[in-house]
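What follows is one structure encoded as structure tokens, with my remarks underneath.
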Amino acid sequence: MKKLVVLTGAGISAESGLKTFRDSEGLWQGHDIMEVATPQGWRKNQELVLDFYNQRRRQLHKVQPNRGHKTLYELENNFDVYIITQNVDNLHEKAGSSNIIHLHGELLKVRSVKDKNYILHWETDLRKTDIDKNGFQLRPHIVWFGEDVPALEEAIEITQKADYFVVIGTSLQVYPAAGLIEYIKPKIPIYYIDPNPISIRNLSNTIEIIPMNASDGVPLLKTKLISLNN
């Protein structure tokens, strides 16, 4: 099977009712990014940060994958699909997708502040009384601004093996995720699905822009890719 690599961003989750990233004023759900998405913010006010992610976690339990998520899962019948997502929700998992790399962490996981490899699945609110086996505080398993991106090397490796590369619902403004397109092999076609796509320059690849939201654009792409491989 041909390898189909997909980079997804906030746009695909927004269609399910989640606002997963900052708005035009630099706020994330009404909060300053520096307060809730940085190590400095965590050190300054753990209660605020915990409450912020607890609210996001509660919201996540109320939403479902949309047609875009579901169609990416359906493409596994025809392609070896890998999803690299900037989103911290579990909507790709809920839709059934098999191979998912979360660049920015996962909302339904927590980890020890002392041991980054001590990771637990977590469905409910996280509180200051929740600690690891050695008594250290648990924190959201989220990659905050200024922190390393542990999954980046795996994402680069998968990107380099792509036969088709798809970008969905991202403005390609957040690095290092946005830099993944630089690792796509020359001549590999790129499909960019977004109702407000930016201009992608300085690539030798053919880029086809599908100016739609994910729910409409991904089914269109599915038909296109299957016809190319028949």
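The values are calculated or read from the model by the stated rules, or taken from the named source; none is laboratory data. What you are looking at is a predicted structure, and each value in this text was computed from that prediction instead of being measured. Cβ placement follows ideal geometry from the backbone for every residue including glycine, while neighbour counts extend to all protein chains displayed. Just so you know, the surface numbers come from the protein's heavy atoms only, side chains and all, with ligands and any DNA or RNA stripped out. Shrake-Rupley method; radii C 1.70, N 1.55, O 1.52, S 1.80 Å.
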Tell me the label only: which of [x] 21.2; [y] 18.3; [z] 19.2 is Kirkwood radius over Cα pairs in Å as calculated from this structure? [y]
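Is there a quick way to get the dipole size of the chain? I mean about its Cα centre, with the Cβ of Lys and Arg at +1 and of Asp and Glu at -1; what is the value in debye to the nearest 20? Write down the numbers at each step before the final one.
Details: 27 positive and 28 negative charges, 37 e Å.
Approximately 180 debye in magnitude.
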Within the under-13-Å Cβ sphere about E106, not counting E106, Lys/Arg +1 and Asp/Glu -1 give a net charge of +3
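As a test of the formula, what do you get for the chain when each DSSP H run with n ≥ 4 contributes -39,500 (n - 2.57) and the sum is divided by the residue count, at 222 nm and rounded to the nearest 500 deg cm²/dmol? Present the calculation step by step, with values, prior to reporting the outcome.
Values: 8 runs with 67 residues, N = 230.
Mean residue ellipticity at 222 nm (helix-derived): -8000 deg cm²/dmol.
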Between segment 84-107 and segment 196-230, what is the C-alpha centre distance in whole Å? 20 Å
If you count only protein heavy atoms and use a 1.4 Å probe, how large is the accessible surface of W122, to the nearest 10 Å²? 50 Å²
Taking all protein chains together and a probe of 1.4 Å, list F79, F145 from the most accessible to the least accessible. F145, F79
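Is the shape of segment 122-210 best called rounded, prolate or oblate, per the rule: a/c under 1.5 gives rounded, else a/b larger than b/c gives prolate, else oblate, with a ≥ b ≥ c the square roots of the Cα gyration tensor eigenvalues? Don't skip to the end; give the middle numbers.
On the way: a/c = 3.23, a/b = 2.37, b/c = 1.36.
Cα axes put segment 122-210 in the prolate bin.
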Loop-resident sites, segment 57-140, for GluC sites (Glu not before Pro), counting at most 11 other Cβ within 10 Å (DSSP): E123
Mean separation of Cα contacts under 8 Å (6+ apart) over length of segment 57-101, as relative contact order %: 45 percent
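Using alpha-carbon pairs under 8 Å, 6+ residues apart, how would you state the relative contact order of segment 88-167 in percent?
On the way: 90 pairs, mean separation 23.0, N = 80.
After rounding, I find 29 percent.
For the pairs K19/K70; K2/K109; K62/K109; K62/K128; K62/K161, note any where the Cα-Cα span goes beyond 28 Å. Spell out each step's value before the answer.
Values: K19/K70 19 Å; K2/K109 32 Å; K62/K109 17 Å; K62/K128 25 Å; K62/K161 36 Å.
Table pairs above 28 Å Cα-Cα are K2/K109; K62/K161.
Just add up the charged neighbours of Y183: K/R +1, D/E -1, any other residue whose Cβ is under 13 Å from the Cβ of Y183. Present the calculation step by step, with values, prior to reporting the outcome.
Details: positive: K161, K185; negative: E153, E154, E157, E182.
Result for the local shell: -2.
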For K2, put the label point 7 Å out on the Cα→Cβ axis and report which residues of segment 75-104 keep their amide N under 15 Å from it. 75-82
Accessible-area order for H121, H141, largest to smallest, probe 1.4 angstrom, reads H121, H141
Kyte-Doolittle cut-off 0.5, length cut-off 15 Å along the helix's own axis using Cα: show which whole DSSP H helices in the chain pass. 214-228
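For segment 5-148, with all protein chains present and a 1.4 Å probe, just round the carbon and sulfur fraction of the accessible area to a whole percent. Write down the numbers at each step before the final one.
Details: 3150 of 6990 Å².
After summing per-atom areas, the C and S share lands at 45 percent.
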Probe 1.4 Å, heavy atoms of protein chains only: per residue, the accessible area of segment 165-230 in Å² is 52 Å²
